[in-house]
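Values in this text are rule-based calculations from the coordinates and carry no lab data. Computed from a prediction, not measured in an experiment: that's the story for all the values here. When we count neighbours, we look across all protein chains shown, and the Cβ atoms used for this are built from the backbone with ideal geometry, even at glycine.
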């Protein structure tokens, strides 16, 4: 696979330049990421509490579920960590349902969508993003097949959409209660002031910490540290994880980063920065996540954690 080979090559570059890493800025960057997780889990807890107003939703179990999911997503593609979040949170909220808890994760990403869209639009105005004709030729980008076969990709997408519509119609009469539970997960949006105060405020602060962490990662790997470059790093990360084909967008991110920073920084330090940051963040979040998983369900297996949470369920969903 091209993304894997590219990531391995970039990793070799990183190890060749390991001695040049500044460790204090790296430690600060990881510390900022930890506090970002704290703020994100507070926002999610507030969404869950609004969905279950008569039940006390405790913070620590929500934080554990959130961190466990982030840790799993760091090393396993296809958003398996989100299923872990839902299973662990449901287990610790009385009379909760999978549908409602899963819906709260959608609410939790709404503000992020608008921020990411704004940053993407900003990057477009700068003209730093690759066009489709460039994107499919980048050696490490894992979207090459759909971009090289647009007609086939469109046909596959159409088949998937039609299939989903058919399935929805077929089971429509059986899922009235299901959709009621899904709607319950969006309860906080019915009180905009509560949403702004209990979710957006915490998430906005978490975005500040995220960009600050990128600033210190840039310093750690001796790339020009500035708000502009931190914002560009965020744009690249958002694009690389748009399609979760590889763990954390590995491979894709390296190709995009070198392209976006072309003419500003040498390619070799950029590869070291991208891979070094990826390794540090992945190791840090995976360590936190699997520690939380072990403490909460006494296992380090995501599938076993989901199964145990399901078996511990009391009463019907």
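Structure notes:
- Segments 59-72, 182-195 sorted - mean Cβ within 10 Å per residue, highest first: 59-72, 182-195
- Cα→Cβ-extended label distance, 7 Å offset, between residue 205 and residue 106, nm: 2.8
- Contour excess over end-to-end distance, with Cα ends at residue 304 and residue 180 and 0.36 nm allotted per residue: 41.8 nm
- Estimated inter-spin distance, residue 194 and residue 24, nm [label 7 Å along Cα→Cβ]: 4.6
- Once both labels are positioned 7 Å from their Cα atoms along Cα-to-Cβ, the gap between residue 227 and residue 82 label points is 3.2 nm.
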